[in-house]
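Undergrad: Can you keep this structure in mind? I'll have questions shortly.
The values are calculated or read from the model by the stated rules, or taken from the named source; none is laboratory data. These numbers were taken from a predicted model, which means no experiment stands behind them. All Cβ positions, glycine included, derive from the backbone under ideal geometry; neighbour counts span all protein chains shown. Only protein heavy atoms, including side chains, enter the accessible area calculation; ligands, DNA and RNA are left aside. Shrake-Rupley method; radii C 1.70, N 1.55, O 1.52, S 1.80 Å.
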Amino acid sequence: MDHSTHARVDQPLTPLETRLAALRGGAAARNMDARALAALAANPGCDRRAVLDAAGVDKAALATRLGSPATFGQSPFAITRGLVFERRLRAERCAELVALLRTELLPEATAQSPVEVPDLLPSEGPAVRAARTRVALAEATANAAAGRAWTLLDRPLLRLDVAGSTVSLEPDAIVIGPDGRWTVVEIKSFPILDGSADPTKVGAAARQAAVYVLALRTTAAALDAAAATAQIGPGLVHPRPGTGPAARPHPSGASADVPGADVPRAAAHAAADAVGSGLSPADATTPAAPRLPTAVGLPSAATSASAATPGAGAVAAGGTASGGPEAALPAGAAAHASPYAEPVGLAAAVRTTGLLVCPRDFSNVAVAAPLDLRKQLAVTRRQLARMTRIETLLAALPETVRLDEAPEAVDTLAHAYAPECLAACELAFHCRTQARAAGAVEVLGRGVRGELGSLTTVEAALEATAGDGALARAARLREEALAR
Amino acid sequence: MTTLPTPAASPSPGEQADAAVAAILASALHGGERGTVVDSPPGAGKSTLVVKAARELVVTGERLMIVAQTNSQVDDLVDRLAQADPGLAVGRLHGSDALPGEIAMRHPGVVASTKVADLRELPVVVATAAKWQWVKDTDPWHHAIVDEAYQMRSDALLAVARLFERALFVGDPGQLDPFSIVGTDDWAGLHHDPSQSAVVTLLAHNPGIVPHRLPVSWRLPASAAPLVSDAFYPFTPFRAGTEPGDRLLELGPATPPPPPGLAPSLARAADEVLDVAAESGWGLLELPARLTVRTDPEAVAAVAAVVARLLARGGETRSERGSAPVDAGRIAVGTAHRDQAAAVRGALAALGVTDVTVDTANRLQGREYDVTVVLHPLSGRPDATAFHLETGRLCVLASRHRHACIVVTRAGIPELLDAHPSTEPVQLGVVSKFPDGWEANHAVLEHLRRHRVAAR
Amino acid sequence: MSLLTTLARLEAVRAGVAQPLATVRHRHLAERPFVLVPLAAAGETGAPLAVLLGQDRENPRLLTVPQPLDRDLRFAFLARLGDELLPYLESFGADVELLERSVKDPESGEKTVEVRELCADAPQLVVPNPGAMELLGLVGRSTRFRRTAEDVDPGPYPVPARVPLLGRWLTHLSERSNVPGSSLLLPLTTTLSRHWATGQSSLEDAHLGALLAWIAPPPGERGERAASRAENGRDERGRLLVPPAGPATDPAFDSLLLSPAVTRYDAARAAQDERLTRARAEEIDALLESVLLPVWHQVWQGVDLLRTLPPAAHVVERWESDRWSYTGHRDRVAAGEPPQPLRDDAVTAARKLAQREREQVRLDLEEALDDPLAMAEHRLAGQAFAGEVVEVLPAYDTSGRSPKPRPLVTVRTEDRPHLDPGGEVHRAAGPAAQRAELVQLDAEAGLLTLRLLSGMGRKKEPEPGTVPEAGEQVCFTLFELSARQSAPLPEPEDTPWTHGGPPR
Ligand code: SF4
């Protein structure tokens, strides 16, 4: 699990970023780590959590300041064991990890292809790291095409727009195979025992990996766009879906096989130059990759690459289109393209099958299992696109508030407490106290709320036992049974 | 796999369907695999296929056993077989506490018995999987047809597979999955997980079997097939058998005054949504957002109002089958829960409507109507559950109609979906079932919003 | 959750103390259960750290692994666990009942009498929660295939002889615990939650300390406060006041106390100082005992609470199934059968699923018959109704050769069963199984007229006592009152092609 924080902020801040930094009281922003992603999954409708995570606030510290410290913690034994496992995988330029990936991803590829493990400047600030990752991705894709090489990006840094605010993500690893395709690798310390693993944990890992896939698609779209800006032509990289084990039948006619062209070295250089020249890499790509939530899931629509592949992936739904179910709609039309369609351009290089790497059985030996991420991708994509923008949520907070000085200001943000928070969000005890004080029935469980319909407080529900609805009948039956 | 050709070289839907059926029959009779699997989207002619396959098999002189999942499915099949070929002797094997239905027994060629020995020599014997499991001391049949195979559990197939050598499995992968009342995690990821669908087990153990697909829905109109295909069959698309404009729903004028029990404003909203649906094939009648109990009286009243106004105004459907009046027998109401169905029946009775089918999604599986009115499973709920998000449920409700489907709901479902935790567990080694229920719910609502009428 | 349970939780919030969800105890509880509180080593799958166990609540036995990463220490621990547990488990094997049944020879068709043994009683392990149960299952999984010094080929790492046997028993117990209503291995939180509704969510009920705080709060304190103290009350050093019931330890305990103690132990061992090593191990023992003892007492407190409820009528019957399960395993071990396989073959999986589904149905039925609160669930759902008989009219079916009794019974009820005329119902708690059909329904007045169809003997007049009388309380259900038999499945060697053929 990753708890690293950004050490430096090295580009001009947007007004929103300035506001969020103030909220943190100047502390460094935390990455959108596994726990934050789990909290998002457990309670996507919570405004309070949304703002805190977007701002990268240290929620554990906040909970302590509020007097309701979280009980999350990791035993030193578990940490040691996890470190030993990861160290082993990463030893000797990730030899064990790469061997595992080879067998899982491309058993037919030559075992002799070289393996690159580029330096991703881990001690730099997030903007530099993100730019470096972008360049490394471009170079790796080029290397794959040129020399059939493997590249392993160890702890790259990706950026993703979440509800109008940019968050940093740090996947365990991304591997670019000799086929030019990118695979997200999730390293976890829970075991795969006799071929199966804790489904709750696997589910969380899959959702996490899906977020990384989306971030990678955005990055790919940015690379495409940079290539276009650099006047080297659209859609230069052509991933080959269908060559990897993840290849699956596409919706008819929507095969993402794009006719060949070469790799955009220049794109990488453009991005690298941007870094070298002190230009903000984000700015370099901004024109073609607008920071809109909708752009997250639909990078292809914004890039010129889509022009090179007419109709691919777009499945029309309106009854107006003639000639069967698959006629292309203009980009941006309100009709729903299949949420499972592969994107076009470089974004299609990202495989929708992630790789889960865990200890096997009772040992410390690693084993890998493929994760089909298509469902999680479709869900996350729509989730991100529909999120209320952080600016809107921030309106509830006084302009100058600092949570390190006035932690209770967090209460002006609406919470959506449910018992599931206890396992997912550091603020759970604090929110629970508030929910209890308000007499909310949610403290008894989400399911309870479903039973009670419009009765949202314990008091109202108990009052209803005196009426003549279902609750009153239940009360009579209960009384009768207990009297016997 | 049957794939749709590009629109440019498009054969007619009929040609596409015929080609698919021919390939299926060839595979079932002479294919190299012992099993043939056919995926059939809603209204794609599954029953027709089963009857056709049965008759072709019988012609070869083989005796055939047919496995269906419920007694009413069995009766239905027997009826269709006898109608298609009145001279065919059909055995209806049944349990002692489940007498065969009148619809099956009205044919002189049908013989019913609780003992397989009485029927063994007939060309076709039909029974439920539950009944077949108890059949013993008999030589296996050479051929079997397993109907609604996606609703059959793997363990049921394990118990009956000894009875046949080859089998044709037909079903709709998009409908409700079989379930168990106990936890089944112990077997998750095993090829032979006894709680999963029979087809999933069969395919896992017989990788040589490539499912066939019926590519054309003859039921769903051109306004519905693309939506249902995209939302529920993302990797196995199908098309409508008819073109836009081939199906028309012409309603009578909204002149008859509403009956005493029906508020004029609600009647007006019902008329309006009916007009929208007659025009576009879809209608969304949206009530103000409110948390309610399952049997939300206002939503129930709105459903009843739509049905009552439809019947009061009358009208005509025109289609490739000719024209017919819109009468009670061609209308159905679908709900998620039984108590909701009961409440709707009560509300309809109060308006003097008694002979419209009102049932839950589970019971509407496989049925077909001209117009359906659906109480949205999430209407008025404070939150969704796995039950309400199950893709099959919404798919069944949204794919029963030939002309129009009207959904009645409280406002606020998209927001409810947004707040729904996405914490679905994932089992290693288990093939993901597509699509995702949450995503499909959003997709359908997004489409329906374009046909929205607000009720106050 | 059902509306009745929700209501009970709401009442618990109001009362500040848990409310009953059952009027009787639905699980078997041995007179002297064997309590076992295990802890797992953090980060290591299925690696035990310590266990407090025994049948004597005043004298628990403590076993620990001072360095969980050391496999020799781990297997020494497991050998000692076997020494404690196996004699208890095996002690029930000797006292048997002999049961006779007649079986038909499949070849000759001749009937012969078969005598079978059924152990008169069976062991019962009580653990704090499902997590502890899972840990025992994992220990079973990791040890049952181990080779021992006594094997023909002992392999490089032989373990003490009794360890794989312990693994097989633990595997059997955790396997059995998946059968609804079984009680060989009883997780306390789940069992308590079946009988009491707290004013918190079911997720929070998984915490034994919090659950007990709601069921039996300290005098003068409300459950909510007591529970929240049990959950996250900490001392000045940050240790939890109420240690978690395991199997995971409090991370703060690990880092503040356990980890340094293990480091000191390792150092003493490295220095090969035996006396110091022993002293260091004793320190670790003391630490672990300090977090295990409170849980130990909680478990016994929970057992006491369960004992305040009288056993339900069908508990004895279900315990007999547990005794069969125990006897079966005893026989398989005695017959020298190999350990349970890693994963079930197709037929075994289907059989187990069928058994669990059957037992679930049976459990639901029996609980409803034994407990008016459980029956109330069905009544509220419209699947049953109860009320007073207001009129009985004799009537007969004269269609056959001899007339049969078909009396008409009218019941007044406030329940609203989902029942239409012609619908079939079953009499609960009658003298014998009895079916009836609804003849007439007056919903306004709450009057249901039923025609009794069976359970009245073979004569023209019903046997005395088989027909309820006016003024009598009766209860009918819309569902059958016995679980259906499962359909036969093939033998594993006859697994069909659809399921991959016979297992290899
Ligand atoms: S604990 Fe509070 S802040 Fe965190 S997700 Fe739950 S309600 Fe939101």
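Undergrad: Sort through B:Leu163, B:Leu203, B:Leu220, B:Leu227 and tell me the only one that's open to solvent by 10 Å² or more (accessible area, probe 1.4 Å) and not aromatic (Phe, Trp, Tyr).
TA: B:Leu203
Undergrad: Out of all the residues in region B:359-372, is one or more touching a Gly at 6+ places or on another chain (Cβ under 8 Å) and closer than 30 Å to B:Asp185 by Cβ?
TA: Yes, region B:359-372 contains at least one residue that is touching a Gly at 6+ places or on another chain (Cβ under 8 Å) and closer than 30 Å to B:Asp185 by Cβ.
Undergrad: Filter region C:442-460 for residues that are without any contact (Cβ under 8 Å) to a residue 60 or more places away in the chain and open to solvent by 40 Å² or more (accessible area, probe 1.4 Å) and give the result.
TA: Residues satisfying the conditions are C:Asp442, C:Ala443, C:Glu444, C:Ala445, C:Leu447, C:Arg451, C:Gly457, C:Arg458, C:Lys459.
Undergrad: Still on this structure: From the list C:Arg358, C:Arg332, C:Arg362, C:Arg323, which one is open to solvent by 20 Å² or more (accessible area, probe 1.4 Å), of a type in the set (Lys, Arg) and more than 20 Å from the chain's Cα centre (by Cα)?
TA: C:Arg332
Undergrad: Follow-up question, since we're still on this one. Out of all the residues in region B:314-348, which are farther than 23 Å from B:Ala299 by Cα, touching a residue at least 12 places away in the same chain (Cβ under 8 Å) and basic (Lys, Arg)?
TA: B:Arg318
Undergrad: Pairs under 6 Å by beta carbon, first residue open to solvent by 10 Å² or more (accessible area, probe 1.4 Å) in region B:170-197, partner of a type in the set (Asp, Glu), six or more apart or different chains?
TA: B:Pro173/B:Asp39; B:Ile181/C:Glu357; B:Val182/C:Glu357
Undergrad: For region C:50-82, which positions are touching a helix residue (DSSP H, G or I) at 6+ places or on another chain (Cβ under 7 Å) and away from every other protein chain (no Cβ under 14 Å)?
TA: Answer for region C:50-82, where residues must be touching a helix residue (DSSP H, G or I) at 6+ places or on another chain (Cβ under 7 Å) and away from every other protein chain (no Cβ under 14 Å): C:Val51, C:Leu52, C:Leu53, C:Arg57, C:Pro60, C:Arg61, C:Leu62, C:Leu63, C:Thr64, C:Ala79, C:Leu81, C:Gly82.
Undergrad: Please specify each residue of region A:1-27 satisfying the condition of being among the acidic types (Asp, Glu) and modelled with pLDDT of 50 or more.
TA: Result: A:Asp10, A:Glu17.
Undergrad: Something else about it: Enumerate the pairs (first residue in region C:375-390 and facing chain A (nearest Cβ under 9 Å); second residue anywhere and open to solvent by 10 Å² or more (accessible area, probe 1.4 Å) and in a strand (DSSP E or B)) with beta-carbon separation below 6 Å, excluding pairs fewer than 6 apart on the same chain, so at least 6 apart or on different chains.
TA: As it stands, the answer is C:Ala386/C:Cys475, since those pairs meet every condition given.
Undergrad: Counting only residues that are open to solvent by less than 10 Å² (accessible area, probe 1.4 Å), give me the helices (runs of 4 or more DSSP H) lying completely in region B:288-381 with at least 3 of them.
TA: B:297-313, B:338-350
Undergrad: Please list, ordered by first then second residue, the pairs with beta carbon atoms under 6 Å, 6 or more apart or interchain, first in region A:415-426 and free of Cβ contacts under 8 Å to residues at least 40 places away in the same chain and at the interface with chain C (Cβ under 8 Å from one of its Cβ atoms), second open to solvent by less than 30 Å² (accessible area, probe 1.4 Å) and within 6 Å of the ligand (Cβ to nearest atom).
TA: A:Leu422/A:Ala428
Undergrad: Name the helices (runs of 4 or more DSSP H) wholly within region C:153-232 that hold at least 2 residues that are over 19 Å from C:Leu305 (Cβ atoms) and touching a Lys or Arg at 6+ places or on another chain (Cβ under 7 Å)?
TA: C:162-176
Undergrad: Looking only at region A:409-429, how many residues end up being assigned to a loop (DSSP other than H, G, I, E, B), near the ligand (Cβ under 6 Å from one of its atoms) and not aromatic (Phe, Trp, Tyr)?
TA: So the answer is 4.
Undergrad: I'd like to check something: does region A:465-480 contain any residue that is free of Cβ contacts under 8 Å to residues at least 24 places away in the same chain and of a type in the set (S, T, N, Q)? If you could, list the steps in order and put the result at the bottom.
TA: Restricting attention to region A:465-480, the residues satisfying the condition of being free of Cβ contacts under 8 Å to residues at least 24 places away in the same chain are A:465-480.
Now restrict to residues that are of a type in the set (S, T, N, Q): A:465.
Yes, some residue in region A:465-480 is free of Cβ contacts under 8 Å to residues at least 24 places away in the same chain and of a type in the set (S, T, N, Q).
Undergrad: Here is a follow-up. Give me the residue from region C:215-245 that is in contact with a helix residue (DSSP H, G or I) (Cβ under 6 Å, 6 or more places away or on another chain) and within 13 Å of chain A (Cβ to nearest Cβ) and, out of that set, most open to solvent (accessible area, probe 1.4 Å).
TA: Ranking the candidates gives C:Arg239 first.
Undergrad: Just for strands (runs of 3 or more DSSP E) wholly inside region C:31-119: which have at least 1 residues that are within 16 Å of C:Gly140 (Cβ to Cβ)?
TA: Working: elements: C:34-40, C:48-54, C:61-64, C:96-104, C:111-119.
By residue number, C:34-40, C:48-54.
Undergrad: Filter region A:336-352 for residues that are open to solvent by less than 10 Å² (accessible area, probe 1.4 Å) and within 14 Å of chain B (Cβ to nearest Cβ) and give the result.
TA: A:Ser338
Undergrad: Go through region A:441-481 and give me each residue that's more than 7 Å from chain C (Cβ to nearest Cβ), buried (at least 18 other Cβ atoms within 10 Å of the Cβ) and within 16 Å of the ligand (Cβ to nearest atom).
TA: Result: A:Val441, A:Glu442, A:Arg446, A:Arg449.
Undergrad: Filter region C:479-501 for residues that are touching an Asp or Glu at 6+ places or on another chain (Cβ under 8 Å) and more than 10 Å from chain B (Cβ to nearest Cβ) and give the result.
TA: C:Ala483, C:Pro492
Undergrad: Determine which member of the set B:Ser323, B:Ser319 is among the small types (Gly, Ala, Ser) and touching a Lys or Arg at 6+ places or on another chain (Cβ under 7 Å).
TA: On inspection, the qualifying residue turns out to be B:Ser319.
Undergrad: Let me ask you something else. Which residue is nearest to the other protein chains (Cβ to nearest Cβ), if the candidates are limited to region A:362-393 and must be farther than 17 Å from A:Glu342 by Cα and in a loop (DSSP other than H, G, I, E, B)?
TA: In this case the residue turns out to be A:Phe362.
Undergrad: Shifting gears a bit: Within 14 Å of another protein chain (Cβ to nearest Cβ), part of a loop (DSSP other than H, G, I, E, B) and farther than 30 Å from C:Ser183 by Cα - does that describe any residue in region C:266-275?
TA: no
Undergrad: Could you say which residue among B:Arg55, B:Arg92 is outside any loop (DSSP other than H, G, I, E, B), modelled with pLDDT of 95 or more and either farther than 25 Å from B:Pro207 by Cα or out of contact with any helix residue (DSSP H, G or I) (no Cβ under 8 Å at 6 or more places or on another chain) (or both)? So that I can check it myself, show each step before the final result.
TA: Numbers: B:Arg55 fails: modelled with pLDDT of 95 or more.
Matching residue, one of B:Arg55, B:Arg92: B:Arg92.
Undergrad: From the set of residues in region A:167-200 that are within 24 Å of A:Asp119 (Cα to Cα) and of a type in the set (S, T, N, Q), which is farthest from the other protein chains (Cβ to nearest Cβ)?
TA: Taking region A:167-200 as the starting set, the residues that turn out to be within 24 Å of A:Asp119 (Cα to Cα) are A:167-188.
Then drop every residue that is not of a type in the set (S, T, N, Q), which leaves A:168, A:183.
Values: A:Ser168: 21, A:Thr183: 17 Å.
Checked region A:167-200; the qualifying residue farthest from the other protein chains (Cβ to nearest Cβ) is A:Ser168.
Undergrad: In the set A:Leu101, A:Leu120, which member is assigned to a helix (DSSP H, G or I) and open to solvent by less than 60 Å² (accessible area, probe 1.4 Å)?
TA: A:Leu101
Undergrad: Against the definition (crowded, with 17+ Cβ neighbours inside 10 Å, assigned to a loop (DSSP other than H, G, I, E, B) and out of contact with any His (no Cβ under 6 Å at 6 or more places or on another chain)), how does C:Asp415 come out, yes or no?
TA: For C:Asp415, the condition - crowded, with 17+ Cβ neighbours inside 10 Å, assigned to a loop (DSSP other than H, G, I, E, B) and out of contact with any His (no Cβ under 6 Å at 6 or more places or on another chain) - is met.
Undergrad: Using the structure shown, decide if B:Pro207 is more than 30 Å from C:Ser177 (Cβ to Cβ), modelled with pLDDT of 90 or more and not in a loop (DSSP other than H, G, I, E, B).
TA: When the stated conditions are applied, B:Pro207 does not pass them.
Undergrad: For region A:45-80, give me each residue that is within 14 Å of chain B (Cβ to nearest Cβ) and surrounded by fewer than 21 Cβ atoms within 10 Å (Cβ to Cβ).
TA: A:Gly45, A:Asp47
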